[in-house]
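Notes follow once the structure below has been shown.
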Amino acid sequence: MKEKKKLLILGGGYAGVTLIHALKMKNFDITLVNQTPFHIVQTEIHRLLGGAAHEEDIYFDLEEFCEKKGVSFICDKAILINDKVQKVICEHGRELKYDYLVIATGALSLFPHQIENIHAYSKDIKVAQHLKNLENEFQSLLKSKEKEKNIAIIGGGLTGVEIALEYASRLKKLGISATQCSISLIEQFETLLPGSSKELILETHDACDKAGIKRYHGNFVTKIENNNIYLSNNSSIPFSMVIITIGVICEELHFQSEIQKSNKNQFIVDKHLQVKGFENIFAIGDVAYFETDEGSILLPTAQNAKQQAKTLAKNLENIFKNKPTLEYKYKHKGTLVDLAKNEAVGDAFGVQFHGNSAYYLKRTVNAMHTRIFK
Ligand SMILES: Cc1cc2nc3c(=O)[nH]c(=O)nc-3n(C[C@H](O)[C@H](O)[C@H](O)COP(=O)(O)OP(=O)(O)OC[C@H]3O[C@@H](n4cnc5c(N)ncnc54)[C@H](O)[C@@H]3O)c2cc1C
């Protein structure tokens with residue numbers, strides 16, 4: 001019998017936990033390292049902010065998950081990959097040996113320094129403590145005597161739209177009118193969900209308008225200061241609370257050797273998800289920079305992270321059995337946008353979905369992910 005190989009996985013997000021779930025064979029001695037004790041179901045974060053989901057729907061215990069899967073779990077932050085001696089160094093001084101390494105450390109929200117003073121407002125919705133702080137801010141806002149309150153969301157992509165609509169619905173349920181507390185959604189392009197289909201954009205605009213959300217399009221944010229957001233057309237929007245969702249970037253994870261990275265600090269991988277130049281190191285999910293045969297770059301989505309994890313699970317088994325590895329092929333299964341109040345819109349498997357059916361389909365997709373913790 002062949003000796004078990006040490007497989008070290010950094011990151012217990014969508015990519016990391018799906019990989020563990022998909023790995024069938026027992027030929028690896030697997031360790032998962034995650035900087036927090038829990039997995040965050042990021043695709044439901046907007047609903048947590050909007051009060052439509054609870055903490056138990058979002059946070060899943062990684063220690064428990066690993067125990068069920070026969071995997072060791074270490075709660076620590078990887079800071080350096082010493083590829084020369086096949087070791088990962090963690091923040092708390094641990095040194096972890098590996099035969100195969102998978103980097104699945106995801107991405108954080110982007111707070112570009114080109115926006116003056118942005119760091120004073122950089123609460124990352126992907127960080128549990130920041131989510132708690134945002135909830136506290138919301139509760140304080142409800143109690144404050146301030147007139148004409150405004151919750152501003154910068155970034156009108158899927159995340160920003162979903163958060164704006166959930167907050168609008170939450171305020172309505174609390175009996176707070178749009179004149180008492182408004183919601184502003186600011187997008188630098190001419191429409192929300194830039195790059196999406198015309199139907200999706202129109203339905204989303206319509207949902208925002210019906211929810212009383214003020215939409216600002218076509219100008220970018222230049223500065224945030226003294227509770228004012230300044231735009232490139234020299235106008236400004238006063239706010240009481242702000243959330244910034246304008247993209248993602250990966251945190252720096254150092255290698256001992258020289259390594260090529262994308263401008264978002266992602267590791268550049270080949271068609272087999274192998275980090276270029278490193279035979280036994282792989283990257284999957286948001287932290288991986290993957291170019292398709294057509295030359296397009298895959299967007300950071302849970303959908304892609306899970307598909308990459310499943311391909312890598314097969315490839316690791318193939319490597320162990322000395323079989324050829326598969327090329328990763330992304331299959332876009334669709335996009336569903338939550339519109340709050342049990343409604344959503346989008347397409348899945350080439351079919352358009354609206355209202356209640358789209359909402360339930362989105363919850364089903366989510367349940368298919370979270371069932372791996374059961
Ligand atoms: C509000 C919102 C809605 C979204 N909606 C959708 C949607 O509808 N559909 C869709 O496909 N995608 C959606 N996404 C995007 C999706 O959530 C991400 O693409 C997905 O989380 C990426 O998975 P990942 O495993 O690469 O990274 P993550 O899920 O971010 O996981 C990375 C993990 O690594 C850990 N980690 C990071 N650095 C270290 C380190 N140095 N050492 C140890 N551990 C570390 C983190 O704590 C985390 O647990 C949404 C995102 C948000 C925020």
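Assuming 0.36 nm per residue, please report the length gained on full extension of the stretch Glu190 to Glu63 beyond their Cα-Cα distance. Don't jump to the answer; show the numbers that get you there.
Numbers: separation 127, 0.36 × 127 = 45.72 nm, distance 4.51 nm.
Length gained, Glu190 through Glu63: 41.2 nm.
With label points built 7 Å along Cα→Cβ from the Cα atoms of Glu55 and Lys333, find their separation and express it in nm.
Calculated label separation equals 3.0 nm.
If you split all Cα-Cα distances of region 334-374 into 10 Å bins from zero, what percentages do you get per bin, shortest first?
It works out to 33, 49, 18, 0, in whole percents.
Whenever you get a sec, compute what percent of the accessible area on the chain sits on carbon and sulfur atoms (1.4 Å probe).
51 percent
Nothing charged except the Cβ atoms of Lys and Arg (+1) and of Asp and Glu (-1): what's the magnitude of the dipole of region 334-374 about its Cα centre? Round to the nearest 20 debye.
On the way: 5 positive and 3 negative charges, 52 e Å.
Around 240 debye, computed over region 334-374.
Label points 7 Å out from Cα along the Cβ direction at Asn342 and Val365: separation in nm?
Once both label points are built, they end up 2.1 nm from each other.
Determine, for each peptide in 160-166, 213-219, the mean count of other beta carbons within 10 angstrom over its residues, then list the peptides with the highest first.
Numbers: 160-166: 26.7, 213-219: 16.9.
Sorting 160-166, 213-219 by mean packing, highest first, produces 160-166, 213-219.
How large are Rg and Dmax for the chain when only the alpha carbon atoms are used, in Å?
According to the Cα coordinates of the chain, Rg and Dmax are 21.6, 73 Å.
How many angstrom separate the Cα center of region 73-115 from the Cα center of region 183-205?
Spelled out, the Cα-based centre of one part sits 36 Å from the other.
Considering all alpha-carbon pairs of region 15-113, what whole percent are spaced by more than 20 angstrom? Show your work: numbers first, answer last.
Working: 2334 of 4851 pairs.
Every Cα pair in region 15-113 considered, those over 20 Å come to 48 percent.
Beta carbons within 10 angstrom, averaged per residue: use that to sort the peptides 300-310, 4-14, highest first. Can you show the working numbers first?
Working: 300-310: 21.3, 4-14: 23.6.
Final packing ranking: 4-14, 300-310.
Subtract the Cα-Cα distance of Lys143 and Lys2 from 0.36 nm times their separation in residues, and report this length gain in nm to one decimal. Don't skip to the end; give the middle numbers.
Working: separation 141, 0.36 × 141 = 50.76 nm, distance 6.43 nm.
Roughly 44.3 nm would be gained on extension.
What whole-number distance in Å separates the alpha-carbon centres of region 134-168 and region 239-269?
The distance from the Cα centre of region 134-168 to that of region 239-269 comes to 26 Å.
Taking θ as phi - 60°, what are the ³J(HN,Hα) couplings along region 234-239 by the Karplus curve (6.51, -1.76, 1.60), each to the nearest whole Hz, with x for Gly and Pro?
3J(HN,Hα) across region 234-239, in whole Hz: 6, 8, 9, 10, x, 9.
Two decimals, Cα atoms only, Kirkwood Rh: what is Rg/Rh over region 292-374? Don't jump to the answer; show the numbers that get you there.
Values: Rg = 16.1 Å, Rh = 14.9 Å.
On the Cα set of region 292-374, Rg over Rh gives 1.08.
Obtain the nm distance between the two label points defined at Ser232 and His254 by a simple spin-label model: each point lies 7 Å from its Cα along the Cα-to-C-beta direction.
Between Ser232 and His254, the simple spin-label model gives 3.6 nm.
How high is the relative contact order of the chain? Use alpha-carbon pairs under 8 Å, at least six apart in sequence, and give a whole percent. Mind dumping the intermediate values first?
On the way: 718 pairs, mean separation 65.4, N = 374.
It comes to 17 percent, rounded to a whole number.
Determine the distance separating the Cα centre of region 296-374 from the Cα centre of region 270-292; give it in Å without decimals.
About 19 Å separates the Cα centre of region 296-374 from the one of region 270-292.
How large is the translational diffusion coefficient of region 118-242 in µm² per second when you combine the Kirkwood radius over alpha carbon pairs with Stokes-Einstein at 4 °C and 1.567 mPa s?
On the way: Rh = 15.0 Å.
Rounded, D is 86 µm²/s.
For region 118-242, what does the accessible surface come to per residue with a 1.4 Å probe? Please give it in Å². Write out the running numbers ahead of the final one.
Numbers: 6100 Å² over 125 residues.
On a per-residue basis, 49 Å².
Which FRET efficiency value, to the nearest 0.05, is calculated for Glu279 and His113 with the Förster distance at 51 angstrom and r the Cβ-Cβ distance?
On the way: r = 37 Å, r/R0 = 0.72.
The pair Glu279/His113 has a calculated efficiency of 0.90.
Suppose the chain between Lys97 and Ser122 were pulled fully straight at 0.36 nm per residue; how much longer would it get relative to their current alpha carbon spacing? Walk me through the numbers on the way to the answer.
Details: separation 25, 0.36 × 25 = 9.00 nm, distance 3.51 nm.
So the chain would gain 5.5 nm between Lys97 and Ser122.
If packing is taken as the average number of other Cβ atoms within 10 Å across a peptide's residues, how do 283-289, 189-195 rank, most packed first?
Details: 283-289: 27.9, 189-195: 15.7.
Per-residue mean Cβ counts within 10 Å order the peptides as 283-289, 189-195.
For region 244-374, report the accessible area per residue in Å² (1.4 Å probe, heavy atoms, rounded to an integer).
Working: 6740 Å² over 131 residues.
Result: 51 Å² per residue.
May I ask you to derive the FRET efficiency for Ser357 and Lys84 from their Cβ-Cβ distance with R0 = 51 Å, giving the value to the nearest 0.05?
Details: r = 54 Å, r/R0 = 1.06.
Once the sixth-power term is evaluated, E becomes 0.40.
The values are calculated or read from the model by the stated rules, or taken from the named source; none is laboratory data. Keep in mind the model is a prediction, meaning the values are calculated, not measured. As a convention, Cβ positions derive from the backbone with ideal geometry for all residues, glycine included, and neighbour counts pool all protein chains shown. These area figures cover heavy atoms from the full protein model, side chains too; ligands, DNA and RNA do not enter into them. Shrake-Rupley method; radii C 1.70, N 1.55, O 1.52, S 1.80 Å.
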